[in-house]
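Next up is a structure, given as structure tokens.
The values are calculated or read from the model by the stated rules, or taken from the named source; none is laboratory data. Here the structure is a predicted model, which is why all the values come from computation and not from measurement. Every residue, glycine as well, gets a Cβ built from its backbone with ideal geometry; the counts of neighbours run over all protein chains shown.
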Amino acid sequence: QLADLSDAEGLELVNYDSIDQLKTDVENGEQQIGAVITDEALTQIATGERARIDLYFNSSTPDEFKELFTVLFSQVAYVLGGNVANIEANEEILGPDTIGNPIPARDRMRPLLAIFVIILETMGLATLLGEEIGTGTARAILTTPLRVEGLVLAKGVTGFSMTFLQALVIVAATGGLQSQPSLIIATLVMGSLLATAIGFLLASVARDMMSVLAWGILVIILLAIPAFGVLVPGLLTNWSQAIPSFYLVDTIHRAANFGAGWGDTGGNLLILAVYNVVLFGLGIWVLRRKLA
């Protein structure tokens, strides 16, 4: 009977031999929900008695999804037993409960202040480099022995220093370094490099200052979207993970407010590093072609 359910569109049932493996996959987001139905529960369902089912959710699962899955398993019980069963769902949140464990808005905003500074500095570097390209200053500089890589390095160090120092001062002033300071500082470094890389790419593809402003505003709005997921837990779905700033926001939020360590957020830093390499490489390539 369960095999018939697994054939339903949008529903996939996966059997696990180990509860620990089930919980691991749910916590990592590989499965939407985990359920443990014991032999005793199956007997109770078949006889129409009150049955207990253990449900495991990821910490980012919205409350409405939890209610939906609870109703779903009531229907599963109906399929198994042929009658409406009285299901007692024992819910367990795996990982830090970012939804059920509310955090004061003040604490949520503290790390976000630094993130918004990093995002806004994307526009600062883009306008600075865009103006030099538009006025011909950058091309004039390249008539000297200086190469495109040297120009990128000089502007990159300037942009990175401005972004990182401002973000670090804000985080320190608001008490954001009280939990996992080394991890947060490393994340700010990766975020500052990300802002610098995006700034280079914006300045390279834009035709003039107006183009820099137009594209810059669009990029700032896009990069700011993951921050709203911190302010309103459950607002965003998994598509937001395609935005590079998601891994910056998620790491700082979890480290500052939940004490997440290097092992919990190391994957985010690795993804940020990949984004930085790709965006820097793309920016240098476009800039070289533009100034050739």
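Looking at Glu149, is it touching a helix residue (DSSP H, G or I) at 6+ places or on another chain (Cβ under 9 Å) and modelled with pLDDT of 80 or more?
Against the criterion (touching a helix residue (DSSP H, G or I) at 6+ places or on another chain (Cβ under 9 Å) and modelled with pLDDT of 80 or more), Glu149 does not qualify.
Considering only residues that are surrounded by fewer than 23 Cβ atoms within 10 Å (Cβ to Cβ), of a type in the set (A, V, I, L, M) and either more than 15 Å from Arg254 (Cα to Cα) or outside the structural domain of Gly261 (by TED's automatic domain parsing) (or both), which ones fall in the stretch 163-189?
Leu165, Leu168, Val169, Ile170, Ala172, Ala173, Val189
Of all residues in the stretch 252-292, which are surrounded by 19 or more Cβ atoms within 10 Å (Cβ to Cβ) and modelled with pLDDT under 90?
Correct list: Ile252, His253, Arg254, Ala255, Ala256, Asn257, Ala260, Thr265, Phe280, Gly283, Ile284, Leu287.
Follow-up question, since we're still on this one. Taking the stretch 242-268, which residues are over 11 Å from the mean Cα position of the chain (by Cα), among the aliphatic types (A, V, I, L, M) and part of a helix (DSSP H, G or I)?
Scanning the stretch 242-268 gives Ala255, Ala256.
Within the stretch 73-85, is even one residue surrounded by 15 or more Cβ atoms within 10 Å (Cβ to Cβ), modelled with pLDDT of 75 or more and under 31 Å from the mean Cα position of the chain (by Cα)?
No, the stretch 73-85 contains no residue that is surrounded by 15 or more Cβ atoms within 10 Å (Cβ to Cβ), modelled with pLDDT of 75 or more and under 31 Å from the mean Cα position of the chain (by Cα).
Looking only at the stretch 207-241, count how many residues are under 12 Å from the mean Cα position of the chain (by Cα) and β-branched (Val, Ile, Thr).
Count: 3.
Limited to the stretch 160-198, what total is found for residues that are in contact with an Asp or Glu (Cβ under 7 Å, 6 or more places away or on another chain) and of a type in the set (Gly, Ala, Ser)?
Residues that pass the stated criteria total 1.
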